[in-house]
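The values are calculated or read from the model by the stated rules, or taken from the named source; none is laboratory data. Quantities reported herein were computed from a predicted structural model and do not represent experimental measurements. Every residue, glycine as well, gets a Cβ built from its backbone with ideal geometry; the counts of neighbours run over all protein chains shown.
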Amino acid sequence: DVNMDEAMLDSEAAMVRFLKLIAGEPEIARVPIMIDSSKWSVIEAGLKCLQGKGIVNSISLKEGEAKFCEHARKILQYGAAVVVMAFDEQGQAATLADKIRICERAYRILVDEVGFPPEDI
């Protein structure tokens, strides 16, 4: 999991630099790279640098369906897989029932509305 969230860093530049660096290492470059950030711009900068299959950690529904779909479509465009956090507009899932409800909703949106392959979720 590559995460460049640090107040003292230019996170986007650090993500790009690190991903370019590891792309030159054959043993590393052949495995999927998971990119992670609390900032979408950093994730998108990382997606642009990935070679081969990537994984985004993560998206959630906490900013609403429109933003969730926008991010999911970008991830799909880059051919990456995605991790979905059990958050929605009301916050983090606290109970098993909440986790199931949120994850089912996210899955249905990804598959039915965005066209995400189930095997990449």
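Looking across LEU61, LEU47, one residue alone is modelled with pLDDT of 95 or more and under 29 Å from LYS20 (Cβ atoms). It is LEU47. With the structure loaded, tell me whether ASP5 is within 23 Å of LEU61 (Cα to Cα), in contact with a helix residue (DSSP H, G or I) (Cβ under 7 Å, 6 or more places away or on another chain) and not assigned by TED's automatic domain parsing to the domain that holds VAL82 or whether it fails that test. Criteria met by ASP5.
Within segment 2-17, the set of residues being over 22 Å from GLN77 (Cβ atoms) and either of a type in the set (A, V, I, L, M) or part of a loop (DSSP other than H, G, I, E, B) (or both) comprises ASP5, GLU6, ALA7, MET8, LEU9, ASP10, ALA13, ALA14.
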